[in-house]
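These notes are about the structure you will find just below.
The values are calculated or read from the model by the stated rules, or taken from the named source; none is laboratory data. The model shown is predicted, which means the values in this text are computed figures rather than measured ones. Neighbour counts are summed over all protein chains in view; Cβ atoms, including those assigned to glycine, are modelled from backbone coordinates with ideal geometry. To get the accessible areas, we keep the full protein, side chains included, count just its heavy atoms, and leave off ligands, DNA and RNA. Shrake-Rupley method; radii C 1.70, N 1.55, O 1.52, S 1.80 Å.
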Amino acid sequence: MTQTAQIILDKVVLVKVEANIYGARKKLKKEDLVLADGSKLPPEDLASLGSKRLLDPDQLTVFNRLKKEAERICLRVGTRFLGGFIIPSDSASSITEELDRIAVDFTKAKADFLAGYDSAVNDWLVKHPEFAGIIEKAVDSVEFVSTRLSFDYLVLAVAMPETLPEKDIERLESKIGSLSEQMFHEIAVEANHLIEQSLLGKDHVTRSALRPIKRIRDKLDGLGFLDYRVAPVVTTIDDLLARIPDRGAIEGSLLQEILATAMLLADPDKTRRHGEGLLAGQTMVEEDETLEVDNNPPIVSSSALHVELLDQANAVSDSVLEDTNLLVVSGQTVIAGESVVDVNEVNPVEDSEMGADDDLFSGLFDGIFEEDDALDAELEVIASSESDSKSTSEFEADLVTTEEDSEENSDSDYWF
């Protein structure tokens, strides 16, 4: 079994609701019908006669209601699976408490029904006197009806025996894999019901309209382990509910957001795509933050850089000079690429100005101490076509002159 399937089985239990309800119907027979002269019934392979009711179906409404309520309780936190309901193990105790209450209500309703069974049959005969004969022939005894009314449930752990053939294991894995699809389908059914019953055509709603949204949110949150796209959808719903006022009618833009969210949840495919898109966006943000940290340029000490420049002066070509920027950062010098912003708008330095210290540093430090944070300044050295006549030794001499001037000005931490 795959690891994903095993993780899901470890987190859930299977609840089987067994609600048997007396149908109060019997098959309609040919002799039950009175046909006009010359008329005949179609053969059984062409049409069936259907059934006849033995009492008013409203007498059985309470049992159908309790059965559906039990199913809704399970669906509130779970989803249909193998004829029952898969629910999170953490929710099992709260579900069984409510199912116990349903069982008590069912037992009481059964006792009331059996006590008034004969009276209900007689009322039905009075209502259809012309067919009293075919009804009386099919009426069941109270004892028999009692055996056809029952409510119970089972809570089971689902596990795959290791001795099963591989094809049976694959079959169960396929069923487990379809759980998320079933969950999104059930969410869509409830969202569609909310739209049709409470949202369409309304210019305002009360807070009761939020109950289905909250139920959907809780179900998705509890079954989030079934599909990785569920978590961001839950976050979207939480963000919406957090902005709903505690009192008063809901209208305007908030009502439109609720409608839009319900319409999203009403489409299983769009819900999955929405969750996947949100996850992709979160991943891109995380990658951008990582790149921002990794791309911070390394700080190189000014003295080490100065020595390195002197050692490599003879090997520096005009093309390298054109592409290299010297970046001064609060007493430290770093090599920066062309992407560095020129904060002080330093103009390119001509060859003739390399020996003039005042001109070289003019404007470089303007405003650098005006703010608490150190500002970056860029000095771009461009060798013009006229610099071809300047020898490498002259360039080195300029660098040495710069070093001497820097040593004389010992109060400055900026070195070149």
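Assorted remarks:
- Qualifying strands (runs of 3 or more DSSP E) (wholly inside region 1-120; at least 2 residues being modelled with pLDDT of 85 or more, exposed (fewer than 12 other Cβ atoms within 10 Å of the Cβ) and over 24 Å from the mean Cα position of the chain (by Cα)): none
- Against the criterion of being without any contact (Cβ under 8 Å) to a residue 40 or more places away in the chain, open to solvent by less than 10 Å² (accessible area, probe 1.4 Å) and either among the β-branched types (Val, Ile, Thr) or assigned to a loop (DSSP other than H, G, I, E, B) (or both), Ile237 qualifies.
- Only a single criterion out of (1) open to solvent by less than 60 Å² (accessible area, probe 1.4 Å); (2) touching a residue at least 12 places away in the same chain (Cβ under 8 Å); (3) of a type in the set (A, V, I, L, M) is not satisfied by Met263, namely (1).
- Looking only at residues of region 132-152 that are free of Cβ contacts under 8 Å to residues at least 40 places away in the same chain and in a helix (DSSP H, G or I), we find that the one that is most open to solvent (accessible area, probe 1.4 Å) is Glu143.
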